[in-house]
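Some notes on the structure that comes next.
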Amino acid sequence: MSLDLASTLSGRRTGAPKDLLRTPADLGRWLVLARVAAQVQEPSEDDLTQARELREAIYRLAMSRARGESFSARDRAILNRWAAEAPPAPQLGPRGLLWAGAGVRGHLVVLARDAAELLGGPVSENIRHCAQEDCGLLFVDTSRSGLRRWCSMAGCGNKAKVAEFRRRQRGEAR
(Lines give C-alpha, C1' and ligand atoms only; values in the text may rest on other atoms or scores of the structure.)
Protein backbone atom coordinates (compact mmCIF):
# COMPACT_ATOMS: atom_id res chain seq x y z
CA MET A 1 0.00 0.00 0.00
CA SER A 2 2.71 2.51 0.94
CA LEU A 3 4.88 1.50 -2.03
CA ASP A 4 1.84 2.22 -4.20
CA LEU A 5 1.92 5.79 -2.92
CA ALA A 6 5.62 6.01 -3.81
CA SER A 7 4.69 4.87 -7.32
CA THR A 8 2.42 7.85 -7.94
CA LEU A 9 5.39 9.66 -9.47
CA SER A 10 6.00 7.52 -12.54
CA GLY A 11 9.01 7.67 -14.82
CA ARG A 12 11.35 8.76 -12.06
CA ARG A 13 14.35 7.49 -14.01
CA THR A 14 13.41 9.32 -17.20
CA GLY A 15 13.92 12.94 -18.06
CA ALA A 16 10.18 13.55 -17.75
CA PRO A 17 8.61 12.04 -14.63
CA LYS A 18 4.83 12.20 -14.47
CA ASP A 19 3.10 13.06 -11.22
CA LEU A 20 -0.14 11.11 -10.91
CA LEU A 21 -1.11 13.36 -7.98
CA ARG A 22 -1.22 16.66 -9.86
CA THR A 23 -4.34 18.00 -8.19
CA PRO A 24 -6.13 17.48 -4.88
CA ALA A 25 -8.86 15.62 -6.80
CA ASP A 26 -6.22 13.21 -8.15
CA LEU A 27 -5.22 12.43 -4.56
CA GLY A 28 -8.84 11.82 -3.59
CA ARG A 29 -9.36 9.43 -6.49
CA TRP A 30 -6.06 7.65 -5.84
CA LEU A 31 -6.99 7.01 -2.19
CA VAL A 32 -10.09 5.15 -3.40
CA LEU A 33 -8.34 3.30 -6.22
CA ALA A 34 -5.61 2.20 -3.81
CA ARG A 35 -8.33 1.03 -1.42
CA VAL A 36 -7.08 3.29 1.33
CA ALA A 37 -10.39 5.17 1.39
CA ALA A 38 -13.86 3.73 0.81
CA GLN A 39 -15.20 6.85 -0.86
CA VAL A 40 -13.71 9.79 -2.72
CA GLN A 41 -12.29 12.39 -0.37
CA GLU A 42 -12.07 16.11 -1.02
CA PRO A 43 -8.42 16.87 -0.28
CA SER A 44 -7.11 20.38 0.04
CA GLU A 45 -3.97 21.80 -1.57
CA ASP A 46 -2.29 21.36 1.81
CA ASP A 47 -3.33 17.67 1.89
CA LEU A 48 -1.79 17.24 -1.55
CA THR A 49 1.45 18.91 -0.49
CA GLN A 50 1.65 16.70 2.60
CA ALA A 51 0.86 13.54 0.60
CA ARG A 52 3.66 14.36 -1.83
CA GLU A 53 6.10 14.99 1.02
CA LEU A 54 5.18 11.64 2.60
CA ARG A 55 5.38 9.93 -0.81
CA GLU A 56 8.90 11.20 -1.44
CA ALA A 57 10.08 10.24 2.05
CA ILE A 58 8.69 6.72 1.60
CA TYR A 59 10.32 6.44 -1.82
CA ARG A 60 13.74 7.53 -0.56
CA LEU A 61 13.52 5.26 2.49
CA ALA A 62 12.50 2.28 0.35
CA MET A 63 15.31 2.99 -2.12
CA SER A 64 17.74 3.11 0.79
CA ARG A 65 16.44 -0.26 1.98
CA ALA A 66 16.65 -1.75 -1.54
CA ARG A 67 20.26 -0.55 -1.85
CA GLY A 68 21.24 -1.71 1.63
CA GLU A 69 21.97 1.85 2.74
CA SER A 70 21.17 3.62 5.99
CA PHE A 71 17.96 5.59 6.25
CA SER A 72 18.08 9.38 6.05
CA ALA A 73 17.32 11.02 9.41
CA ARG A 74 15.14 13.63 7.65
CA ASP A 75 13.04 11.03 5.85
CA ARG A 76 12.69 8.95 9.01
CA ALA A 77 11.49 12.04 10.85
CA ILE A 78 8.85 12.74 8.20
CA LEU A 79 7.59 9.15 8.24
CA ASN A 80 7.69 8.86 12.02
CA ARG A 81 5.84 12.15 12.48
CA TRP A 82 2.97 10.80 10.38
CA ALA A 83 3.05 7.31 11.87
CA ALA A 84 2.88 8.72 15.42
CA GLU A 85 -0.52 10.29 14.85
CA ALA A 86 -3.62 8.45 16.00
CA PRO A 87 -4.95 6.23 13.24
CA PRO A 88 -8.57 6.23 12.15
CA ALA A 89 -10.80 3.60 13.72
CA PRO A 90 -11.53 0.53 11.63
CA GLN A 91 -15.22 -0.14 11.15
CA LEU A 92 -17.06 -2.90 9.37
CA GLY A 93 -19.19 -1.32 6.66
CA PRO A 94 -21.80 -2.86 4.37
CA ARG A 95 -19.12 -3.90 1.87
CA GLY A 96 -16.12 -4.37 4.11
CA LEU A 97 -13.57 -2.38 6.03
CA LEU A 98 -14.04 1.38 6.46
CA TRP A 99 -11.98 3.88 8.38
CA ALA A 100 -14.26 5.99 10.56
CA GLY A 101 -13.38 9.65 10.88
CA ALA A 102 -10.31 9.21 8.74
CA GLY A 103 -10.36 12.13 6.35
CA VAL A 104 -7.36 12.58 4.10
CA ARG A 105 -4.99 13.14 7.00
CA GLY A 106 -6.07 9.89 8.65
CA HIS A 107 -5.47 8.01 5.41
CA LEU A 108 -1.96 9.44 5.22
CA VAL A 109 -1.39 8.19 8.77
CA VAL A 110 -2.45 4.69 7.66
CA LEU A 111 -0.01 4.86 4.73
CA ALA A 112 2.82 6.07 6.99
CA ARG A 113 2.21 3.26 9.48
CA ASP A 114 2.17 0.74 6.65
CA ALA A 115 5.51 2.12 5.43
CA ALA A 116 7.04 2.01 8.91
CA GLU A 117 6.01 -1.62 9.34
CA LEU A 118 7.19 -2.55 5.86
CA LEU A 119 10.54 -0.73 6.04
CA GLY A 120 11.28 -1.78 9.62
CA GLY A 121 9.99 -5.34 9.46
CA PRO A 122 11.40 -8.62 8.16
CA VAL A 123 9.90 -8.17 4.68
CA SER A 124 12.05 -5.07 4.17
CA GLU A 125 14.93 -7.26 3.02
CA ASN A 126 12.77 -8.15 -0.01
CA ILE A 127 12.19 -4.58 -1.23
CA ARG A 128 13.53 -4.24 -4.75
CA HIS A 129 13.84 -1.57 -7.39
CA CYS A 130 12.74 -2.54 -10.91
CA ALA A 131 15.73 -3.34 -13.12
CA GLN A 132 14.12 -1.81 -16.23
CA GLU A 133 16.10 1.33 -17.08
CA ASP A 134 13.15 3.67 -17.42
CA CYS A 135 11.05 2.29 -14.55
CA GLY A 136 11.22 3.76 -11.06
CA LEU A 137 8.85 1.34 -9.32
CA LEU A 138 9.62 -0.40 -6.07
CA PHE A 139 8.16 -3.77 -5.15
CA VAL A 140 8.37 -6.50 -2.53
CA ASP A 141 9.96 -9.63 -4.00
CA THR A 142 7.79 -12.53 -2.90
CA SER A 143 9.28 -15.01 -5.36
CA ARG A 144 10.54 -18.31 -3.99
CA SER A 145 14.08 -17.65 -5.22
CA GLY A 146 14.13 -14.01 -4.08
CA LEU A 147 15.70 -13.05 -7.42
CA ARG A 148 12.85 -11.14 -9.05
CA ARG A 149 14.18 -8.23 -11.10
CA TRP A 150 11.13 -6.47 -12.53
CA CYS A 151 8.10 -4.79 -11.04
CA SER A 152 5.94 -7.03 -13.27
CA MET A 153 6.60 -9.70 -15.84
CA ALA A 154 3.71 -8.42 -17.96
CA GLY A 155 5.26 -4.95 -18.26
CA CYS A 156 8.93 -4.39 -17.57
CA GLY A 157 9.91 -8.07 -17.53
CA ASN A 158 8.42 -8.58 -20.96
CA LYS A 159 10.15 -5.47 -22.33
CA ALA A 160 13.50 -6.73 -21.04
CA LYS A 161 13.00 -10.20 -22.50
CA VAL A 162 11.99 -8.80 -25.90
CA ALA A 163 15.02 -6.48 -25.90
CA GLU A 164 17.32 -9.40 -25.01
CA PHE A 165 15.76 -11.56 -27.73
CA ARG A 166 16.30 -8.81 -30.31
CA ARG A 167 19.88 -8.30 -29.16
CA ARG A 168 20.57 -12.02 -29.61
CA GLN A 169 18.88 -11.99 -33.03
CA ARG A 170 21.09 -9.09 -34.17
CA GLY A 171 24.16 -10.94 -32.90
CA GLU A 172 23.25 -14.13 -34.79
CA ALA A 173 22.59 -12.22 -38.00
CA ARG A 174 26.18 -10.95 -38.05
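The values are calculated or read from the model by the stated rules, or taken from the named source; none is laboratory data. As the structure is a prediction and not an experimental result, all values here were calculated from the model. A quick note on method: Cβ atoms are made from the backbone with ideal geometry, for glycine too, and the neighbour counts reach across all protein chains shown. Ligands, DNA and RNA are excluded from the accessible area calculation, which covers all protein heavy atoms including side chains. Shrake-Rupley method; radii C 1.70, N 1.55, O 1.52, S 1.80 Å.
Before moving on, here are some points about what is shown:
- Projected label distance in nm at residue 167 and residue 73, using a 7 Å step from Cα toward the beta-carbon: 4.2 nm
- Net lengthening on full extension, residue 97/residue 144 (0.36 nm per residue, minus Cα-Cα): 13.9 nm
- Per-pair calculated FRET efficiency, R0 = 35 Å: residue 80 and residue 42 via Cβ, rounded to 0.05: 0.80
- Where only DSSP H runs of four or more residues are counted, the chain gives -15500 deg cm²/dmol as its mean residue ellipticity at 222 nm, each run worth -39500 (n - 2.57).
- Within the range 140-161: backbone nitrogen closer than 11 Å to the residue 131 label point (7 Å, Cα to C-beta): 147-151, 157, 160-161
- Modelled spin-label separation between residue 153 and residue 33, with each label point placed 7 Å from Cα along the Cα-to-Cβ direction: 2.6 nm.
- Applying a DSSP loop filter and a limit of 12 other Cβ atoms within 10 Å to the GluC sites (Glu not before Pro) in the range 53-139 leaves 69, 133.
- Note on residue 23: accessible area approximately 50 square angstrom, rounded to 10, probe 1.4 Å, nucleic acids and ligands left out.
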